[in-house]
Amino acid sequence: MNKKKLLTLALGAVAAIAAIVAVPLFSTPYEGQSPATLYVDGDDTPDSVTAKLQQAGISTTAFSLLNAVRPYNVRTGRYQIDNTLSGLSLYRKLRNGQQDPVNMTVPSVRTLDRLAGTVARNIMLDSLTIINALNDEEYIAQFGYDATTLPSLFIPETYQVFWDITLDKFMERLVKENKHFWNEERTQKAEALQMTPTEVYTLASIVDEETANNDEKPMIAQLYLNRLHIGMPLQADPTVKVAVGDWSLRRILNAHLRVESPYNTYLHTGLTPGPIRVASIAGIDAVLNHADHNYIYMCAKEDFSGTHNFAATYSDHLKNAKRYTDALNARGIK
């Protein structure tokens, strides 16, 4: 066999090998109609990432070839893989940590434990890590909060973040969103009430507990502002639940009203030391855009609709209260 023929055969072999290698590099390793999602955490290795890809129905031929040439260093994150990515593009996406964001929802809830649980469903941080940090006064102090004011950091909304966001970055993002929320317009409205944003948030948290009806919240906000203005105790039943330490109370009794606590607004005038829950945006804006009326009394409606009867005089309030008490007794609610 002459040299020319040998060269031709060799070139043909090289071309064949190149073609075999090129096919998986430039073809799509995933043919699904809906994107597949790959989660890579801190415990993953190149082998476990390969296994996860295979479990998601993604060919790992190109990934393995490229990993053999240039070893893959695990980059944590959430990666969406669709049928437009080539094998080479997939490898680069994972190697360079080009992850796709997730929607992280900060909920309006009563406790920070529940908030941590909800948030942790969508990010790599676990709920225990989050709640331990939120209970660490030295840690939260660096962000400008203490145990009483911390709930006011959270503005309930859905934010796009990276799945592997660190605890510090998580807190920094919340601080950033809080500052963005308290824009010039909202800040000026708070100043017009002679209140700080934290005080507005604290009142909003009480308003939120009084009703889930967003249309009624400005009415209740104004009622409490009226009480604050005349130095009358807020006498807000939800604050008594905090003072007692029992959110499950369905009926506030006289014994509950006597429980000594700075959160008992039957015993102490003014706002509670801090928010009693994570307030909603609707609640915050209800305080800032309060209604205009002279009511200082309210009582839950006897139809159990979650709304209230309002009164400007104590005698009218007693009539409203009797209707509600009669309805409770009729239903056997104690």
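The values are calculated or read from the model by the stated rules, or taken from the named source; none is laboratory data. Every value quoted in this text rests on a predicted model; they were computed, and no experiment measured them. Backbone-built Cβ (ideal geometry, glycine too); neighbour counts: all protein chains shown. These accessible areas exclude ligands, DNA and RNA; they are computed on the full protein's heavy atoms, side chains included. Shrake-Rupley method; radii C 1.70, N 1.55, O 1.52, S 1.80 Å.
Any idea which residue in region 80-107 is surrounded by the fewest Cβ atoms within 10 Å (Cβ to Cβ), counting only those that are among the hydroxyl-bearing types (Ser, Thr, Tyr) and either at pLDDT below 95 or touching an Asp or Glu at 6+ places or on another chain (Cβ under 7 Å) (or both)? So that I can check it myself, show each step before the final result.
Taking region 80-107 as the starting set, the residues that turn out to be among the hydroxyl-bearing types (Ser, Thr, Tyr) are 84, 86, 89, 91, 105.
The next check asks that each one be either at pLDDT below 95 or touching an Asp or Glu at 6+ places or on another chain (Cβ under 7 Å) (or both); those that pass are 84, 86, 89, 91.
Numbers: Thr84: 9, Ser86: 15, Ser89: 17, Tyr91: 22.
Among those that are among the hydroxyl-bearing types (Ser, Thr, Tyr) and either at pLDDT below 95 or touching an Asp or Glu at 6+ places or on another chain (Cβ under 7 Å) (or both), it is Thr84.
So in region 72-111, with the set limited to residues that are of a type in the set (Val, Ile, Thr) and touching a residue at least 40 places away in the same chain (Cβ under 8 Å), which one is farthest from Glu209 (Cα to Cα)? Going through the qualifying residues, I end up with Thr84.
Are there helices (runs of 4 or more DSSP H) fully within region 234-333 with at least 3 residues that are free of Cβ contacts under 8 Å to residues at least 24 places away in the same chain and open to solvent by 70 Å² or more (accessible area, probe 1.4 Å)? List them. So the answer is 314-330. Selection within region 215-233: residues that are over 24 Å from Val109 (Cβ atoms) and without any contact (Cβ under 8 Å) to a residue 60 or more places away in the chain. The member of this set that is farthest from the chain's Cα centre (by Cα) is Gly231. The residues listed here are Ala51, Ala10; of these, the one that is open to solvent by less than 60 Å² (accessible area, probe 1.4 Å), of a type outside the set (S, T, N, Q) and at pLDDT below 85 is Ala10.
For region 210-224, which residues satisfy the criterion of being touching a helix residue (DSSP H, G or I) at 6+ places or on another chain (Cβ under 8 Å) and within 14 Å of Asp285 (Cα to Cα)? Talk me through it step by step, then tell me what you get.
We begin by selecting, within region 210-224, every residue touching a helix residue (DSSP H, G or I) at 6+ places or on another chain (Cβ under 8 Å); these are 210-211, 214, 217-218, 220-221, 224.
Asn214, Lys217, Pro218, Ile220, Ala221, listed by residue number.
Checking Ala147, Ala116 one by one, the residue that is small (Gly, Ala, Ser), within 28 Å of the chain's Cα centre (by Cα), on the phi < 0 side of the Ramachandran plot and part of a loop (DSSP other than H, G, I, E, B) is Ala147 and no other.
Could you list, in sequence order, the residues of region 279-308 that are among the polar types (S, T, N, Q) and under 33 Å from the mean Cα position of the chain (by Cα)? Matches in region 279-308: Ser280, Asn289, Ser305, Thr307. The set of residues from region 162-192 being outside any helix (DSSP H, G or I), buried (at least 18 other Cβ atoms within 10 Å of the Cβ) and not aromatic (Phe, Trp, Tyr) comprises Asp164, Ile165. Residues of region 65-79 that are surrounded by fewer than 18 Cβ atoms within 10 Å (Cβ to Cβ) and farther than 20 Å from Leu125 by Cβ: Leu65, Ala68, Val69, Arg70, Pro71, Tyr72, Asn73.
Apart from one condition, Ser205 fits all of (1) at positive phi; (2) of a type in the set (S, T, N, Q); (3) crowded, with 22+ Cβ neighbours inside 10 Å; the exception is (1). Looking only at residues in region 120-138 that are without any contact (Cβ under 8 Å) to a residue 24 or more places away in the chain and not in a loop (DSSP other than H, G, I, E, B), the one that is surrounded by the fewest Cβ atoms within 10 Å (Cβ to Cβ) is Glu138.
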